[in-house]
Amino acid sequence: MDILAATTNARPQYKVIIRPESGKFLPVSRHTELEIGFGNGEYTVQYARSNPETLLYGVEISQACVLRCARRAGGLGNLRLINTDARYMLRELFPDESLRKIFMQFPCPWSKNADAHKRVTAKDFADGLAAVLEVAGVFEMVTDDEPYACEVWDVLGRHGALTAEDFTVNPKREITTKYERKWLEEGRKIYRVTFRKSGAFTVSRRVTGGDMHIKIPREVTAADMAGLRNIEGRTEGRNSFWKFGRTFRESGGDVYLLETLTSDDEYEQKFYIHVAPRDEGFLLRLDKTTLAFLTPAVRSALNDAAERLSRP
Ligand SMILES: C[S@@+](CC[C@H](N)C(=O)[O-])C[C@H]1O[C@@H](n2cnc3c(N)ncnc32)[C@H](O)[C@@H]1O
């Protein structure tokens, strides 16, 4: 089977953009790499073109950037772009020991203390990285921010399965971006830190696959649905949060869509819960048009809505 064809988006002009399925890893080839936070894709597209034997994935949190990069890529056969947050999703997208190289170019340094948690490298990112890299695989970060380079050097260097290998100021790079060339022409510096995976490592995954359907043994009314508005919940001891919003009702029918927001370790999703008559009662499931990943907060939100709507 052609693994690239299997993941290709149906719209030809954007066939490089893919939407992973909840709880399913992406297909990998013998030589698969990942770029995190590719921005407008200037480096990404040149890199994919220069390395046709590599299957290159790119994960970017900004939808506008994903679209810009896709236009630039023009349907490159060895590039696949995913619009999501790499901090939470890295370990959910790739199996253990599947990536030969992961790289980040000029990530947002989020210098203020209050923003430090937004850095891609904050929290448990190192564990995800150490799991999905092949043994002897490489993580490389290039930045114009010296304190960030030093912090990553310290934090990742302390991880038991990663070895800090190289810290170079103004490395020679075959592919450079416009921003990078201008920065260097002004006499400023860039820093490259490199780590190699030294031994086997794994992490638990939090996203599950399949469908989640919950049966409610009673009739649900518009008033029941309206009663859910602004209800919030949080899992005990874990960083999962959910909140219900407005309900939309199919005109003249008993089918409802409940707007829901969730957050898992700051990974946010907005989607609809579909509530419709089934047999003697009602059935709750994720609405198929909104494609949320089944994170702990999404599963809890579905269970909470079902439990509240089941009350007599
Ligand atoms: C300063 S830009 C650099 C873009 C590009 N690498 C370059 O060198 O031109 C950093 C990029 O990282 C993306 N980003 C920030 N946090 C992210 C995250 N958690 N997951 C994925 N991408 C992220 C931003 O949207 C932005 O496009």
query: surrounded by 14 or more Cβ atoms within 10 Å (Cβ to Cβ), within 16 Å of the ligand (Cβ to nearest atom), modelled with pLDDT under 95 and not in a helix (DSSP H, G or I) - does that describe any residue in segment 178-188?
result: no
- prompt: Applying the selection to segment 166-177, what residues are assigned to a loop (DSSP other than H, G, I, E, B) and in contact with a strand residue (DSSP E or B) (Cβ under 6 Å, 6 or more places away or on another chain)?
  reply: Pro171
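Considering each of Leu162, Leu184 in turn, give the residue that is in contact with a strand residue (DSSP E or B) (Cβ under 7 Å, 6 or more places away or on another chain) and at negative phi. Talk me through it step by step, then tell me what you get.
On the way: Leu184 fails: in contact with a strand residue (DSSP E or B) (Cβ under 7 Å, 6 or more places away or on another chain).
Of Leu162, Leu184, the one residue that is in contact with a strand residue (DSSP E or B) (Cβ under 7 Å, 6 or more places away or on another chain) and at negative phi is Leu162.
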- line: When Phe167 is run through (1) within 16 Å of the ligand (Cβ to nearest atom); (2) modelled with pLDDT of 95 or more; (3) of a type in the set (Phe, Trp, Tyr), the failure sits at (1)
- prompt: Does at least one position in segment 134-148 carry a residue that is at pLDDT 95 or above and small (Gly, Ala, Ser)?
  reply: yes
query: Any residue at all in segment 46-53 that is within 25 Å of Trp153 (Cα to Cα) and within 13 Å of the ligand (Cβ to nearest atom)?
result: yes
- request: From Lys172, Lys197, grab the single residue that is of a type in the set (Lys, Arg) and either within 16 Å of the ligand (Cβ to nearest atom) or surrounded by fewer than 19 Cβ atoms within 10 Å (Cβ to Cβ) (or both).
  value: Lys172
- request: Report yes if some residue within segment 96-105 is more than 9 Å from the ligand (Cβ to nearest atom), in contact with a Gly (Cβ under 8 Å, 6 or more places away or on another chain), touching a residue at least 40 places away in the same chain (Cβ under 8 Å) and of a type in the set (Val, Ile, Thr); otherwise report no.
  value: yes
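Can you give me the ranges of the strands (runs of 3 or more DSSP E) entirely in segment 7-99 with at least 3 residues that are in contact with a helix residue (DSSP H, G or I) (Cβ under 6 Å, 6 or more places away or on another chain)?
Fully inside segment 7-99 and qualifying: 55-60, 79-83.
Within segment 23-45, work out how many residues are on the phi < 0 side of the Ramachandran plot, away from the ligand (no atom under 16 Å from the Cβ) and not β-branched (Val, Ile, Thr). Don't jump to the end; show me each part of the working.
Quick first cut of segment 23-45, residues on the phi < 0 side of the Ramachandran plot only: 24-36, 38, 40, 42-45.
Retained after the next criterion (residues that are away from the ligand (no atom under 16 Å from the Cβ)): 24-25, 27-32.
After this cut, where a residue has to be not β-branched (Val, Ile, Thr) as well, the list is 24-25, 27, 29-31.
Of the residues in segment 23-45, 6 are on the phi < 0 side of the Ramachandran plot, away from the ligand (no atom under 16 Å from the Cβ) and not β-branched (Val, Ile, Thr).
From the list Ala122, Ala149, Ala86, Ala116, exactly one residue is touching a residue at least 12 places away in the same chain (Cβ under 8 Å), small (Gly, Ala, Ser) and away from the ligand (no atom under 11 Å from the Cβ). Which is it? If you could, list the steps in order and put the result at the bottom.
Numbers: Ala122 fails: away from the ligand (no atom under 11 Å from the Cβ); Ala86 fails: away from the ligand (no atom under 11 Å from the Cβ); Ala116 fails: touching a residue at least 12 places away in the same chain (Cβ under 8 Å).
When all the criteria are applied, what remains is Ala149.
Given the condition of a type in the set (Phe, Trp, Tyr), surrounded by 20 or more Cβ atoms within 10 Å (Cβ to Cβ) and closer than 19 Å to Thr32 by Cα, answer yes or no: does some residue in segment 89-101 qualify?
The first filter runs over segment 89-101 and keeps only residues of a type in the set (Phe, Trp, Tyr), leaving 94.
This time we only want the ones that are surrounded by 20 or more Cβ atoms within 10 Å (Cβ to Cβ), so: 94.
Going one step further and asking which of them are closer than 19 Å to Thr32 by Cα, we end up with 94.
Within segment 89-101, one or more residues are of a type in the set (Phe, Trp, Tyr), surrounded by 20 or more Cβ atoms within 10 Å (Cβ to Cβ) and closer than 19 Å to Thr32 by Cα.
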task: Scan segment 127-158 for residues that are more than 21 Å from Pro95 (Cβ to Cβ), of a type in the set (Val, Ile, Thr) and either assigned to a helix (DSSP H, G or I) or over 22 Å from the mean Cα position of the chain (by Cα) (or both) and jot them down.
output: Val152, Val155
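Filtering segment 54-65 down to residues that are more than 8 Å from the ligand (Cβ to nearest atom) and within 23 Å of Arg87 (Cβ to Cβ), which residue is nearest to the chain's Cα centre (by Cα)?
Gly58
The values are calculated or read from the model by the stated rules, or taken from the named source; none is laboratory data. The structure presented is a predicted model; accordingly, all values stated were derived computationally and were not measured. When we count neighbours, we look across all protein chains shown, and the Cβ atoms used for this are built from the backbone with ideal geometry, even at glycine.
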